[in-house]
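First comes the structure, then the notes that go with it.
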Amino acid sequence: MKKQIGILGGMGPEATSELFSLIIKNTKAQNDQDHIPVLIVNNPKIPDRSLFILGKGPSPVNMLVEGALKLEQMGADIILIPCNTAHFFIKQIKEKIQVPVIDMIKETARYVLCKYPEIKRYGLLTTSGVYKTAIYKEAFEDVALEIINPDVLYQQQNMTAIYGINGIKAGFKTIPGKILLQSVANLIENGAGAIISGCTEISLVLKQSQISIPLINPLKILAVKSIKLAGYSLSKSN
């Protein structure tokens, strides 16, 4: 039985749009009717997840739950969250709804374990909130893999690349990309065998052609997983 996908979005809006686009691009279809019904709640007013985790802002939990309930009421059979940091709150969301929420972090760990069995150490590019929660570290340790964080200076630069005046959330790409590539070099120097775009904004900027080791995009992994769970086939490019 085919299912409807729900996207709990707005964190940020461009990442939400990118997930929807990835679902479309990776679904096998010859016409409109072959595509998956996708319901989107795009609420950019959800408080910033990293700021709350760092003790600098209000909790996003109520609005996250509100959005998930809305998707459930609209008829979503599975829910996706195109925000890495929001996965810190996934248990609290799941407790309030009946439909499954796909855990992008755990799916990424399972994916790389199968796809790259020779790689044991993964460099993580993400927000300060995700670094603090260690949600990637724990998910990867569960499958006997290691997460490497950039040195503190580079972690700070990553936040500038994402949140700064000329950052990704402000609509810029070139300057943030250069900053993030410095963090990539630092992670490779520290022994990373692959890089994870652990913030959906980062996946909008960094491309595989810029990096000498595998670049893992959790957003695409989530899109592909959701297509399969919805009962549809993948396009030939997969």
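Anything in region 159-180 that is surrounded by 16 or more Cβ atoms within 10 Å (Cβ to Cβ) and in a helix (DSSP H, G or I)? List them, or say none.
Of everything in region 159-180, those that are surrounded by 16 or more Cβ atoms within 10 Å (Cβ to Cβ) and in a helix (DSSP H, G or I) turn out to be Met159, Ala161, Ile162, Tyr163, Ile168, Lys169, Ile175, Pro176, Gly177, Ile179, Leu180.
List pairs: first residue in region 130-150 and closer than 21 Å to Asp48 by Cβ, second residue among the β-branched types (Val, Ile, Thr) and in a helix (DSSP H, G or I) anywhere in the structure, Cβ distance under 8 angstrom, at least six positions apart or on different chains. Partner pairs satisfying both residue conditions: Val130/Thr85; Lys132/Ile53; Thr133/Ile53; Thr133/Thr85; Ile135/Ile105; Tyr136/Ile105; Tyr136/Thr108; Tyr136/Val130. Each residue in region 102-133 was checked for being at pLDDT 95 or above and among the small types (Gly, Ala, Ser), and 2 pass.
Scanning region 38-60 for residues that are part of a strand (DSSP E or B) and touching a Pro at 6+ places or on another chain (Cβ under 9 Å) yields one hit, Asn42.
When residues in region 138-149 are screened for being closer than 13 Å to His87 by Cα and either of a type outside the set (Gly, Ala, Ser) or assigned by TED's automatic domain parsing to the domain that holds Phe89 (or both), 1 of them pass.
I need the full set of residues from region 8-37 which are assigned to a strand (DSSP E or B) and under 24 Å from Phe172 (Cβ atoms), in order please. Passing the criteria: only Gly9. In region 69-76, the count of residues that are outside the structural domain of Ala134 (by TED's automatic domain parsing) and at positive phi is one or more.
The values are calculated or read from the model by the stated rules, or taken from the named source; none is laboratory data. None of the values given here were measured: they were computed from a predicted structure. Positions of Cβ are backbone-derived with ideal geometry, glycine not excepted, and every protein chain shown enters the neighbour counts.
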